[in-house]
Amino acid sequence: MELDEHATTPPPRLARLLCVLAVAAVAVTSGCGPDDDSATGTDGGDPAASSPAVTDANPDDYLIRDGKHAFRLGTGTGKCSFNFGNDPGPNMFCNLALPSTDPPITDPVTGIVAPANAVSIETAGARLALDVSGGGDLTSVRVLPAGHRLVIGELSCTAISDTALTCAGPTGSFAFDGTSATIPAPTAGPTSTPAKPAQGPGTLCGKSGADNVIVNRGQLDCDAAVAVVTTYRDPATAKGGQSSHATVDGWQCTTPTFARSNTNGYTISCTRGADEILVKDPTKPILGNVVDADYDYEIIPTGSSSHYYYFRTPASTFRCAIVLSNLATTRDTTAGCHGGAESGLPADTPVVPGNYSGASPRKANTIGFDAGSAATFYNAGDPRYIDTERPETKPLAVGDTLFVQNVWCTVTDAESVHCTDGTHGFAISPQSSRLN
């Protein structure tokens, strides 16, 4: 069995969890039977090696809203949510107390590199994941007691104890023993070769020359995506207009102006309905679900030479902007947020000096950073990151990313946002905040 980077050989306790997981997924294997000694290293007499009785929980007890469910383990080592993601199929996201010393992974949505703190099951399968918002309040959802199983459609999780669980879906499964997670490799059919799976947003499909070919939106065949870009770049392909437009196998491909390419971070865009392929030079981050900053979010306020890209979270908890000065050098890009409600920033926001000489210290009203510098809390006299010229600020959808030159912001859920330059930045939610 091929395992993820957390462990090459699962410890005995985790091996037993994997056996329970196999039974829960109705995938009986020869390694999980009661007569098998491999899970315990004994003569097979360990009663934990056999599947314990499991009680099915009432899904209505764990309903959050609109067909979405969530639960937590009794000790707070894990919290799982069902069907909260943008994936069109059954999907699950579990925040887990994984070791902070584990090898880092790259989050496909935000581009952040850090040790995993979650596992996701989605159309593409089960994988280690990052929750850059920190997972929210673990006490806000109901406990799934030990020995109980929650089944939501094709998804299920079983609380083995107050610290351990197993979860399974139609495309993958995993086991968590309280300290580490193991993701079994999918088993191919004995006489068939599985088709190469479609790849989702944030996938690096390959190269076109020195440039990266990236899935920005949709679920795409990577070989086909690279072929579209290769054909578009072929001098024999007829192109027209200032944007060098061409139709390639049903894809509408264009090349942006230098100014738009510098702002938006890509050199070629190919769209087909809701699907999109982006070509970027290798110095740009590999991201997914990137919106068109110039067309959808840009405004130049009256009397200013700077370009502002305003947005808000869907729940209006925060109003934010990326600001690009007219000179557009590395340190001329900034990003920040104000609280979108009277309550302002989260309760853990520090008290900092006032916004003018002699002003008393008070709770900060702004969080932000300059590209290349650490993020900070401060008190701003003017609402720099709030659009005061338009009656309604456009929301940035959950999972979407606004990229401007060398800074990007991603709305991680309806109430939370993460902004970064790849090294520095901040993550903020109604419950908490984090500075980088």
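Since G240 meets every condition but one in (1) surrounded by fewer than 13 Cβ atoms within 10 Å (Cβ to Cβ); (2) assigned by TED's automatic domain parsing to the domain that holds L345; (3) modelled with pLDDT of 90 or more; (4) not hydrophobic (A, V, I, L, M, F, W, C), which condition does it not meet?
So the condition that G240 fails would be (2).
Can you name the number of the only condition in (1) more than 21 Å from G218 (Cα to Cα); (2) buried (at least 20 other Cβ atoms within 10 Å of the Cβ) that C253 fails?
(1)
Can you tell me which residue within region 272-295, out of those that are surrounded by fewer than 21 Cβ atoms within 10 Å (Cβ to Cβ) and of a type outside the set (D, E, K, R), is nearest to P395 (Cα to Cα)?
Checking each candidate, the answer is V291.
Rundown of residues vs (1) of a type in the set (S, T, N, Q); (2) more than 20 Å from R434 (Cα to Cα); (3) crowded, with 20+ Cβ neighbours inside 10 Å, yes/no style:
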site	(1), (2), (3)
R72	no, yes, yes
S100	yes, no, no
T106	yes, no, no
T110	yes, no, yes
A114	no, no, no
S120	yes, yes, yes
A126	no, yes, yes
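I'd like the residue in region 163-192 that is at pLDDT 90 or above, among the hydrophobic types (A, V, I, L, M, F, W, C) and part of a loop (DSSP other than H, G, I, E, B) and, out of all such residues, is surrounded by the fewest Cβ atoms within 10 Å (Cβ to Cβ).
I183
Answer with yes or no whether L98 is within 26 Å of I286 (Cβ to Cβ), in a strand (DSSP E or B) and assigned by TED's automatic domain parsing to the domain that holds T55. Lay out the reasoning, then the answer.
Details: within 26 Å of I286 (Cβ to Cβ): yes; in a strand (DSSP E or B): no; assigned by TED's automatic domain parsing to the domain that holds T55: yes.
For L98, the condition - within 26 Å of I286 (Cβ to Cβ), in a strand (DSSP E or B) and assigned by TED's automatic domain parsing to the domain that holds T55 - is not met.
Which condition number does S357 fail, the rest of (1) over 27 Å from D87 (Cα atoms); (2) surrounded by fewer than 17 Cβ atoms within 10 Å (Cβ to Cβ); (3) touching a residue at least 12 places away in the same chain (Cβ under 8 Å) being met?
Condition not satisfied by S357: (3).
Every residue in region 395-428 that is surrounded by fewer than 21 Cβ atoms within 10 Å (Cβ to Cβ) and aliphatic (A, V, I, L, M), please.
Residues satisfying the conditions are A397, V398, A414.
Which one is nearest to L98 (Cα to Cα) among residues in region 153-165 that are touching a Lys or Arg at 6+ places or on another chain (Cβ under 9 Å) and not polar (S, T, N, Q)? Give the steps one after another, and end with the answer.
Our first condition is that a residue be touching a Lys or Arg at 6+ places or on another chain (Cβ under 9 Å); within region 153-165, this holds for 156-160, 164.
Restricting the remaining residues to those that are not polar (S, T, N, Q) gives 157, 159-160, 164.
Working: C157: 18, A159: 17, I160: 17, A164: 12 Å.
Out of the qualifying residues, it is A164.
Going through S306, S269 one at a time, which residue ends up being at pLDDT 95 or above and either over 19 Å from A397 (Cα atoms) or aromatic (F, W, Y) (or both)?
The unique qualifying residue is S269.
Among the residues of region 278-299, is any more than 29 Å from the chain's Cα centre (by Cα) and at pLDDT below 95? Explain how you work it out, then say what you get.
Taking region 278-299 and keeping what is more than 29 Å from the chain's Cα centre (by Cα), we get none.
No; the residues of region 278-299 include none that is more than 29 Å from the chain's Cα centre (by Cα) and at pLDDT below 95.
Which of the residues belonging to region 162-177 are touching a residue at least 60 places away in the same chain (Cβ under 8 Å) and under 14 Å from L128 (Cβ atoms)?
C167, S173, F174, A175, F176
The values are calculated or read from the model by the stated rules, or taken from the named source; none is laboratory data. Given the structure is predicted, the values throughout are model-derived calculations rather than measurements. We place every Cβ from the backbone using ideal geometry, glycine too, and count neighbours over all the protein chains shown.
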